[in-house]
């Protein structure tokens, strides 16, 4: 699906809105693509009681970590689609040629990606949290950390998706590049839940996660936009 | 010398295997890296030399023995490629 | 300053300088490293707490030190690649990333072996070992991306972006890993402070750090020369290289 040419007079915010709306529309035409990361999320979580131990004490202790790792992997899995379709049908080249700054349009695409994958994961978390026997307070904190953390995953992941665009075996390469960069988010995401379980105040940790989000919001779109330009000049 | 004998030096009071394994891996990997890089550079250099040789056999090549001095000095002029 | 800067970017100029510099780097590097290691292995007194196993420090610390600084150097070169599109900077990143990977691996391996007599186990998920492991992944990613892109210019710019994203993340990773686990002994060796080790220990350590740096310089020159030759084999100056040599002979 082509985007309407946005003329110079269209403000950057309008352009972002248009890109965002278009991505949502395209995504809802292929609903299966929306469900896949969620199914994957549930399956990975299911593997742990089956593969390690269904004991309540183990699940309570490891549950937050399991859910975080599963969420991280499902975001990673969905990243390949972030630019792929647009790259294949040439929409991406149009996007780069728009007069509006590319990093804002990339930011809009990334936000759409988060609304389509990260947010559903957060909404599904309470159900899976109950299944791994987390208590109510832990589930609430876990949802909060995922709510702040998954946009960071999408933003950093967009850089990797842009860098590996059009390469052979892009999926594996993408994971190799991005997983090391996800580690701080994972550490603080699960650490916050662990601190909450011990009854420690979690405000400072949430603030740090928020700082990661702000940092990723300000820097990652520039890197993604630069990487997109490189990948498009390559093809 | 911190050790009484060569045997004591090798044994390191029981820590010998750890120390020598570390140093062994360090030396082997560094040697592989250094020798490998060196040989690769020389191989590339060799292929460049062959390339240059095949080019110059087609083009008239100034012979350092018989060519006039001006021709020889002409080939040595350092033309900047930038 | 600018003529010098342009000269610095010229592969031909670098090739000549590197050829002249390399024997010095190799000889001095081997001498320093050899002196430091022999001193550290045979003559330095044993540590009263850890016994002789601490002698691993003379290779563990230099390789860890260098592995980290190579990434920082690569990041500086990446800025130069992106801003000035200087060929040499990109050649540097490509030539030194595998060296960084090997040194990171050496520091991890020696750290693990050192851990066995010290902590009684091969691997502890402590802050510094884990950070080095993540650094290994970062190096692996850089090399994998470079290999995956065929076009030389695109590879240069893509790798530069990845290295910069990595370098922004390194302090965050370090901080979060430290927060996650603060078990390890504090950093042995800080350039600004007076080390708390006795001189018979830190002088050989300093010698081997300097030696390994010099050897890295040699390796970097060598590998950059290789990369330059591959890229520029059809240019005149590379061909002239051999004609001049033949003339001399």
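The values are calculated or read from the model by the stated rules, or taken from the named source; none is laboratory data. Please read all numbers here as calculations on a predicted model, not as lab measurements. Every residue, glycine as well, gets a Cβ built from its backbone with ideal geometry; the counts of neighbours run over all protein chains shown.
Odds and ends about this structure:
- Residues that are in contact (Cβ under 8 Å) with a residue 60 or more places away in the chain, more than 10 Å from every other protein chain (Cβ to nearest Cβ) and farther than 13 Å from residue C:107 by Cα within the range C:44-68 comprise just one, C:47.
- Of the candidates A:211, A:158, the single residue that is free of Cβ contacts under 8 Å to residues at least 24 places away in the same chain, in a helix (DSSP H, G or I) and either more than 20 Å from residue A:48 (Cβ to Cβ) or within 14 Å of chain C (Cβ to nearest Cβ) (or both) is A:211.
- Every residue from the range A:67-91 that is over 17 Å from the mean Cα position of the chain (by Cα) and in a helix (DSSP H, G or I): A:85, A:86, A:87, A:88, A:91
- Selection count where residues are buried (at least 17 other Cβ atoms within 10 Å of the Cβ), under 22 Å from the mean Cα position of the chain (by Cα) and within 10 Å of another protein chain (Cβ to nearest Cβ), scope the range C:145-167: 12
- Hey, residue C:99 touching a residue at least 60 places away in the same chain (Cβ under 8 Å), more than 8 Å from the chain's Cα centre (by Cα) and either buried (at least 22 other Cβ atoms within 10 Å of the Cβ) or within 18 Å of residue C:217 (Cβ to Cβ) (or both) or not: no
- Of all residues in the range C:23-35, those satisfying the criterion of being in contact (Cβ under 8 Å) with a residue 12 or more places away in the chain and more than 12 Å from every other protein chain (Cβ to nearest Cβ) are C:28, C:31, C:32, C:35.
- Residue within the range B:66-77 that is at the interface with another protein chain (Cβ under 8 Å from one of its Cβ atoms), touching a helix residue (DSSP H, G or I) at 6+ places or on another chain (Cβ under 8 Å), surrounded by 14 or more Cβ atoms within 10 Å (Cβ to Cβ) and at pLDDT below 90 present: yes
Let's see how each residue does on (1) farther than 28 Å from residue A:144 by Cβ; (2) surrounded by fewer than 15 Cβ atoms within 10 Å (Cβ to Cβ); (3) touching a helix residue (DSSP H, G or I) at 6+ places or on another chain (Cβ under 9 Å):
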residue	(1), (2), (3)
A:14	yes, yes, no
A:20	no, no, yes
A:25	yes, yes, no
A:29	yes, yes, no
A:48	no, no, yes
A:58	no, no, yes
A:79	no, no, yes
A:87	yes, no, yes
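- The listed residue being within 10 Å of chain C (Cβ to nearest Cβ), buried (at least 22 other Cβ atoms within 10 Å of the Cβ), more than 16 Å from the chain's Cα centre (by Cα) and part of a helix (DSSP H, G or I), out of A:185, A:230, A:172, A:193: A:230
- For residue A:72, the stated conditions do not hold, so it cannot be described as free of Cβ contacts under 8 Å to residues at least 12 places away in the same chain and under 18 Å from residue A:146 (Cβ atoms).
- From C:46, C:87, residue being under 30 Å from residue B:3 (Cβ atoms) and buried (at least 17 other Cβ atoms within 10 Å of the Cβ): C:46
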